């Protein structure tokens with residue numbers, strides 16, 4: 001039975017269907033893994049049975065597109081089916097071998113990359129990021145090569161089909177411009193080192209730790225455990241808090257009646273003790289002086305360089321110590337005050 005469509009379309013449709021089936025199977029495994037405590041065995045069996053039925057239907061559609069007549073095989077009943085199976089035994093063996101080799105290569109690549117990632121290095125975050133991307137590329141490459149090998153094993157002539165993939169790729173590209181934009185942006189993010197897995201970043205007002213970087217999306221988890229997925233093509237300006245040393249800034253106020261110079265001298269005497277206690281502080285906190293003459297008091301600022309990702313904790317610690325120092329020296333912290341003028345009696 002001849003091909004019902006062009007070889008390029010048949011090959012493109014087959015590859016697309018294979019990618020969709022792989023994605024559906026991966027999603028099914030994730031759902032079952034997360035819900036395994038609430039799902040019954042019957043539900044799990046039903047889910048996998050439904051997936052197998054989808055695979056069978058997909059294979060029948062693909063076979064029909066490639067011109068394989070299922071009716072002729074099943075026309076003679078069981079005898080025809082058995083004869084077809086006997087004729088296909090070498091191909092079935094080859095199919096099993098191809099799948100086993102593909103899985104073995106993927107397993108070896110995964111183990112090798114994970115061992116490389118586990119080795120200590122000054123750029124551990126960078127190495128972890130690149131490892132994840134390389135593993136993702138290897139997965140897709142192995143899947144495509146294995147699929148082409150399987151098509152060749154079952155007698156499909158993929159040479160003219162590959163020639164027609166250019167047109168199919170152009171059509172798919174025109175309809176998937178957003179996807180291509182995400183992938184290209186992903187390459188720039190990874191190889192221009194905008195951020196790595198484990199970095200603390202702020203993207204579109206969402207601050208958190210980068211947990212995964214792919215060619216299409218980036219995942220960020222904030223301090224509450226919320227995970228937000230960003231399309232790489234839609235990521236705008238990014239604030240990366242993990243690249244260089246951080247700075248802890250603390251603003252506080254004292255009452256107008258207090259002497260500013262005395263306050264500065266007291267703080268400069270006591271703050272070195274905080275530096276000695278906490279190794280996260282890279283220098284003794286410095287009193288920067290007056291920053292504002294507010295309604296209720298004089299606003300002052302203290303600044304100190306800290307290790308990366310420790311600035312927020314150090315700011316909380318400095319606020320506590322400043323309060324203790326001011327209280328110990330009877331320096332008043334301002335509070336809102338209202339002056340009421342009482343009219344004179346006539």
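The values are calculated or read from the model by the stated rules, or taken from the named source; none is laboratory data. Only a predicted model underlies this, so the values are computations on that prediction, with no experimental measurement involved. Using ideal geometry, Cβ is built from the backbone for each residue, glycine included, and neighbour counts are taken over all protein chains shown.
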Residue 189 fails exactly one of the following numbered conditions: (1) buried (at least 17 other Cβ atoms within 10 Å of the Cβ); (2) in a strand (DSSP E or B). What is the number of that condition?
(2)
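Listed here are the residues, each with its yes/no results for (1) out of contact with any helix residue (DSSP H, G or I) (no Cβ under 8 Å at 6 or more places or on another chain); (2) at pLDDT 70 or above; (3) surrounded by fewer than 15 Cβ atoms within 10 Å (Cβ to Cβ).
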residue: 146; (1), (2), (3): no, yes, no
residue: 165; (1), (2), (3): no, no, no
residue: 175; (1), (2), (3): yes, no, yes
residue: 178; (1), (2), (3): no, yes, yes
residue: 181; (1), (2), (3): no, yes, no
residue: 197; (1), (2), (3): no, yes, no
residue: 200; (1), (2), (3): yes, yes, no
residue: 204; (1), (2), (3): yes, yes, yes
residue: 215; (1), (2), (3): no, yes, no
Subset tally (residues that are more than 9 Å from the chain's Cα centre (by Cα) and in a strand (DSSP E or B)) for region 209-220
1
Selection within region 217-234 - farther than 17 Å from residue 130 by Cα and touching a helix residue (DSSP H, G or I) at 6+ places or on another chain (Cβ under 7 Å):
231, 233
Residue check: is residue 278 surrounded by fewer than 14 Cβ atoms within 10 Å (Cβ to Cβ), within 28 Å of residue 207 (Cα to Cα), within 36 Å of the chain's Cα centre (by Cα) and outside the structural domain of residue 223 (by TED's automatic domain parsing)?
no
Enumerated strands (runs of 3 or more DSSP E) restricted to region 224-340, each holding at least 2 residues that are free of Cβ contacts under 8 Å to residues at least 60 places away in the same chain
227-231, 238-240, 286-293, 298-306
Would you mind stating whether residue 97 is part of a helix (DSSP H, G or I), in the same structural domain as residue 152 (by TED's automatic domain parsing), more than 16 Å from residue 151 (Cβ to Cβ) and modelled with pLDDT of 70 or more?
no
